[in-house]
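The values are calculated or read from the model by the stated rules, or taken from the named source; none is laboratory data. What you see is a predicted model; the values in this text were computed from it and never measured. Cβ coordinates were reconstructed from backbone atoms using ideal geometry, including for glycine residues, and neighbour counts include every protein chain displayed. Remember, those area values only see protein heavy atoms, side chains included, never the ligands or the DNA or RNA. Shrake-Rupley method; radii C 1.70, N 1.55, O 1.52, S 1.80 Å.
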Amino acid sequence: MEVEKFDVVVVGAGVAGCIAASLYAKEGYTVALLEKKTDKSAYKRVCTHYIQPCATPVIQEMGLEGRLREAGALPNNPSIWTVDGWITPDVNRRSATPNYGFNIERRTLDPVLRDYSSEQGVNFFYGHAVRELIHDDRGN
């Protein structure tokens with residue numbers, strides 16, 4: 001049996017794993033994404049469903065904003081209470097950084113990101129849990 005070789009192996013097909021794997025694949029690396037769950041539609045159940053505004057530039061750069069909106073993501077404009085009072089972003093200010101994030105349920109977000117990763121050439125392996133990392137004689 002021939003063993004497949006990959007430039008990059010990412011463990012976990014959640015938000016971070018899918019984004020990392022996609023970015024590597026877009027750079028031309030062969031990528032394996034391992035996920036211990038066997039169901040492609042599985043998602044993280046304990047989550048705030050809130051994507052902070054600082055993530056919006058990456059979402060836009062990757063071309064995901066339209067997909068997220070089509071899937072039902074709602075832009076948010078958060079106000080945050082602190083001991084010093086409310087912090088509310090100025091929606092009218094002009095800035096290179098968007099002042100909105102998104103609200104989207106993980107049951108919707110995770111499959112969108114997995115589909116996107118697949119389109120970038122990421123190879124998914126469901127039902128594969130990583131238990132240890134073995135180094136070879138070259139220190140890899």
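The gain in end-to-end length when the HIS135 to ALA55 segment is fully stretched comes to 25.4 nm, 0.36 nm per residue minus the alpha carbon separation. Phi angles of the stretch 47-52 translate, via the Karplus equation with coefficients 6.51, -1.76, 1.60 and θ = phi - 60°, into HN-Hα couplings of 7, 7, 6, 10, 9, 5 Hz per residue; Gly and Pro are given as x. Okay, which of the stretch 31-61 sit inside 13 Å, backbone N to the point 7 Å along the Cα-Cβ direction of THR108? Only 49-51 fall inside the zone, counting backbone N under 13 Å.
A DSSP coil position with no more than 10 other Cβ atoms inside 10 Å describes the following trypsin sites (Lys or Arg not before Pro) in the stretch 1-64: LYS5, ARG45. Over the chain, dividing the summed -39,500 (n - 2.57) contributions of all DSSP H runs of at least 4 residues by the number of residues returns a 222 nm mean residue ellipticity of -8000 deg cm²/dmol. Put the Cα centre of the stretch 1-42 next to the Cα centre of the stretch 56-71 and the gap is 20 Å. Taking amide H positions as modeled 1.01 Å from N, with prolines and chain starts lacking one, the residues under 5 Å from PHE124 and 5 or more places away or on another chain are LEU33. Rolling a 1.4 Å probe across all protein chains gives TYR29 an accessible area of roughly 110 Å².
Write down the Å³ per residue value for the convex hull defined by the alpha carbon atoms of the chain. List each step's numbers first, then the result.
Details: hull volume 24.9 nm³, N = 140.
Looking at the chain, the number lands at 178 Å³ per residue.
Multiplying the residue separation of THR48 and TRP86 by 0.36 nm and subtracting their alpha-carbon distance yields 11.7 nm. Partner aspartates and glutamates whose Cα lies under 19 Å from the Cα of LYS5, excluding those fewer than 8 positions away in the same chain, are identified as GLU27, GLU35, GLU132, ASP136, ASP137.
Only Cα pairs within less than 10 Å get springs; with that Gaussian network setup on the chain, which residue of ILE80, ILE19, ILE51 has the largest fluctuation? Evaluated over the chain, the most mobile residue of the options is ILE80.
As an exercise, identify the GluC sites (Glu not before Pro) in the stretch 47-136 lying in DSSP coil whose Cβ has no more than 16 other Cβ atoms within 10 Å.
GLU105, GLU132
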